[in-house]
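A.B. asks: I'd like to ask some things about the structure below.
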Amino acid sequence: MTDPRVPILMYHAVAAEPNDATRALSVTPRAFAEQMAVVADRGLTPVTTARLAAAWRGGRPLPARPVLITFDDGYEGVHRHALPVLARHGFPATLFVSTGWLRGPYDTGGALDTMLGWDQVRELAAAGVEIGGHSHTHPQLDQVPAGDLRHELVRCREIVADQVGTAPLSFAYPYGYSDRRVRAAVRETGYAQALAVGNGLARRAQGPYALRRVTVRRRTGAEEFARLVEGRGIGRAFARDRALTQGYAVVRRARRLGGRVLADAGR
């Protein structure tokens with residue numbers, strides 16, 4: 001049995017004038033519309049994260065040329081600018097929300113730009129957008145203690161279930177960071193699948209809790225986007241990102257080990 005490779009597109013803000021904190025990982029409304037036209041013109045079939053993972057878990061076939069459209073954090077432009085484009089094409093998508101960043105009763109502050117309100121999240125869900133979890137306050141989950149990790153995951157899941165009416169099945173790691181401990185906690189708290197970053201195509205062999213995505217950002221031009229959705233030249237496009245990620249992974253492991261040594265010394 002072949003292991004097809006599926007592009008999972010990772011978006012953040014969709015905004016004409018984002019602030020400095022979100023600019024690099026934002027796209028303009030015009031660029032987003034043009035990119036969705038590319039998806040349609042090339043005959044790709046968008047599916048939700050839950051559908052992809054369920055198909056791979058059960059060995060069921062996917063539609064021809066599947067692609068995933070995902071959004072992280074919960075920026076207001078997903079409703080204002082992206083939803084009309086998705087609706088025009090009949091495309092499903094997945095939105096991963098950091099519940100403590102959204103406007104409303106659970107807002108803890110710390111959001112980087114203008115965020116969605118819960119009425120807008122419900123409208124997105126009613127329009128066919130899968131609502132997934134992205135933690136409560138968007139920390140680096142592999143750097144937090146076990147109790148805080150569980151709180152971030154459970155609190156996010158409970159709030160989404162309360163506000164949307166359905167508990168989220170899919171999760172995306174804030175900043176893309178996870179380790180074995182984090183992935184186990186995500187599974188144990190009820191999420192059925194989770195997305196990382198990795199800047200590569202997703203494959204069934206990656207397992208349901210480490211599916212890779214490719215980043216779409218402000219500088220992603222039309223030709224590069226076409227290559228991404230066709231799965232061409234991804235290694236070259238993200239070579240610098242991967243080198244930086246590998247170097248930072250060493251630093252992160254050292255931090256985790258250092259934290260454990262200090263914790264043991266304090267016992």
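The values are calculated or read from the model by the stated rules, or taken from the named source; none is laboratory data. This one's a predicted model, so the numbers in the text were calculated from it and none came from an experiment. Virtual Cβ from ideal backbone geometry, glycine too; neighbours counted across all protein chains shown. To get the accessible areas, we keep the full protein, side chains included, count just its heavy atoms, and leave off ligands, DNA and RNA. Shrake-Rupley method; radii C 1.70, N 1.55, O 1.52, S 1.80 Å.
A.B. asks: Please pick out the residue among 201, 195, 257, 211 that is among the hydrophobic types (A, V, I, L, M, F, W, C), at pLDDT below 95 and on the phi < 0 side of the Ramachandran plot. If you could, list the steps in order and put the result at the bottom.
C.D. replies: Working: 201 fails: at pLDDT below 95; 195 fails: at pLDDT below 95; 211 fails: at pLDDT below 95.
That would be 257, the only listed residue that is among the hydrophobic types (A, V, I, L, M, F, W, C), at pLDDT below 95 and on the phi < 0 side of the Ramachandran plot.
A.B. asks: What pairs come up if the first residue lies in the range 200-229 and is under 22 Å from residue 170 (Cα atoms), the second is of a type in the set (S, T, N, Q) and part of a loop (DSSP other than H, G, I, E, B), and their beta carbons are under 8 Å apart, counting only those six or more places apart or on different chains?
C.D. replies: As it stands, the answer is 209/178; 210/178; 212/199; 213/199; 214/199; 215/199, since those pairs meet every condition given.
A.B. asks: I've got another one for you. Considering only residues that are acidic (Asp, Glu) and more than 16 Å from residue 130 (Cα to Cα), look in the range 159-193 and name the one that is nearest to the chain's Cα centre (by Cα). Walk me through it before giving the result.
C.D. replies: Within the range 159-193, the first condition is being acidic (Asp, Glu), and the residues that meet it are 162, 179, 188.
Those left that are additionally more than 16 Å from residue 130 (Cα to Cα): 179, 188.
Numbers: 179: 16, 188: 19 Å.
That would be 179.
A.B. asks: So which of 170, 135 ends up being touching a Pro at 6+ places or on another chain (Cβ under 6 Å) and either in contact (Cβ under 8 Å) with a residue 24 or more places away in the chain or surrounded by fewer than 20 Cβ atoms within 10 Å (Cβ to Cβ) (or both)?
C.D. replies: Working: 170 fails: touching a Pro at 6+ places or on another chain (Cβ under 6 Å).
Step by step, each of 170, 135 is checked, and only 135 is touching a Pro at 6+ places or on another chain (Cβ under 6 Å) and either in contact (Cβ under 8 Å) with a residue 24 or more places away in the chain or surrounded by fewer than 20 Cβ atoms within 10 Å (Cβ to Cβ) (or both).
A.B. asks: Hey, another quick one. Looking for something at positive phi, crowded, with 22+ Cβ neighbours inside 10 Å, within 17 Å of the chain's Cα centre (by Cα) and modelled with pLDDT of 95 or more - is there at least one such residue anywhere in the range 58-77?
C.D. replies: Residues of the range 58-77 at positive phi: 59, 65, 73-74.
Next, only the ones that are crowded, with 22+ Cβ neighbours inside 10 Å stay: 73-74.
Next, from what is left, pick out any that are within 17 Å of the chain's Cα centre (by Cα): 73-74.
Next, from what is left, pick out any that are modelled with pLDDT of 95 or more: 73-74.
Within the range 58-77, one or more residues are at positive phi, crowded, with 22+ Cβ neighbours inside 10 Å, within 17 Å of the chain's Cα centre (by Cα) and modelled with pLDDT of 95 or more.
A.B. asks: Related question: Identify, please: which residue in the range 174-209 is assigned to a loop (DSSP other than H, G, I, E, B) and farther than 22 Å from residue 3 by Cβ and is, among those, least open to solvent (accessible area, probe 1.4 Å)?
C.D. replies: Within the range 174-209, the first condition is being assigned to a loop (DSSP other than H, G, I, E, B), and the residues that meet it are 177-179, 189-192, 199-201, 203, 207-209.
From what is left, the residues that are farther than 22 Å from residue 3 by Cβ are 177, 179, 189-191.
Values: 177: 56, 179: 21, 189: 21, 190: 30, 191: 2 Å².
My answer is 191.
A.B. asks: Residue by residue through the range 9-34, note down the ones that are polar (S, T, N, Q) and either farther than 26 Å from residue 126 by Cβ or surrounded by fewer than 22 Cβ atoms within 10 Å (Cβ to Cβ) (or both).
C.D. replies: 19, 22, 28
A.B. asks: Okay, moving on. So, of the residues in the range 161-171 that are in contact with a helix residue (DSSP H, G or I) (Cβ under 8 Å, 6 or more places away or on another chain) and outside any loop (DSSP other than H, G, I, E, B), which turns out to be nearest to residue 24 (Cα to Cα)?
C.D. replies: By that ranking, first place goes to 171.
A.B. asks: Ok, one more. Being farther than 15 Å from residue 13 by Cβ, surrounded by 20 or more Cβ atoms within 10 Å (Cβ to Cβ), β-branched (Val, Ile, Thr) and in contact with a Lys or Arg (Cβ under 8 Å, 6 or more places away or on another chain) is the requirement here; does residue 99 meet it?
C.D. replies: Working: farther than 15 Å from residue 13 by Cβ: yes; surrounded by 20 or more Cβ atoms within 10 Å (Cβ to Cβ): yes; β-branched (Val, Ile, Thr): yes; in contact with a Lys or Arg (Cβ under 8 Å, 6 or more places away or on another chain): yes.
Here the answer is yes, as residue 99 does meet what is asked.
A.B. asks: In the range 138-154, what residues are in contact (Cβ under 8 Å) with a residue 24 or more places away in the chain and either surrounded by fewer than 18 Cβ atoms within 10 Å (Cβ to Cβ) or in contact with a Pro (Cβ under 8 Å, 6 or more places away or on another chain) (or both)? Walk me through it before giving the result.
C.D. replies: Taking the range 138-154 as the starting set, the residues that turn out to be in contact (Cβ under 8 Å) with a residue 24 or more places away in the chain are 138-143, 146, 149-150, 153-154.
Hits for the range 138-154 are 138, 139, 140, 141, 143, 146, 150, 154.
A.B. asks: In the range 35-51, what residues are under 18 Å from the mean Cα position of the chain (by Cα) and open to solvent by 40 Å² or more (accessible area, probe 1.4 Å)?
C.D. replies: 51
A.B. asks: Can you tell me how many residues within the range 102-112 are open to solvent by 50 Å² or more (accessible area, probe 1.4 Å) and either over 19 Å from residue 152 (Cα atoms) or among the aliphatic types (A, V, I, L, M) (or both)?
C.D. replies: Of the residues in that region, 1 qualify.
A.B. asks: Moving to a separate point now. Please specify each residue of the range 113-135 satisfying the condition of being under 18 Å from residue 158 (Cα atoms) and within 14 Å of the chain's Cα centre (by Cα).
C.D. replies: 130, 131, 132, 133, 134, 135
A.B. asks: In the range 81-89, is there at least one residue being closer than 23 Å to residue 232 by Cβ, assigned to a helix (DSSP H, G or I) and either modelled with pLDDT of 95 or more or in contact with a His (Cβ under 8 Å, 6 or more places away or on another chain) (or both)? Reasoning before the result, please.
C.D. replies: We begin by selecting, within the range 81-89, every residue closer than 23 Å to residue 232 by Cβ; these are 89.
Adding the requirement that they be assigned to a helix (DSSP H, G or I) leaves 89.
Narrowing further to those that are either modelled with pLDDT of 95 or more or in contact with a His (Cβ under 8 Å, 6 or more places away or on another chain) (or both): 89.
Scanning the range 81-89 turns up at least one residue that is closer than 23 Å to residue 232 by Cβ, assigned to a helix (DSSP H, G or I) and either modelled with pLDDT of 95 or more or in contact with a His (Cβ under 8 Å, 6 or more places away or on another chain) (or both).
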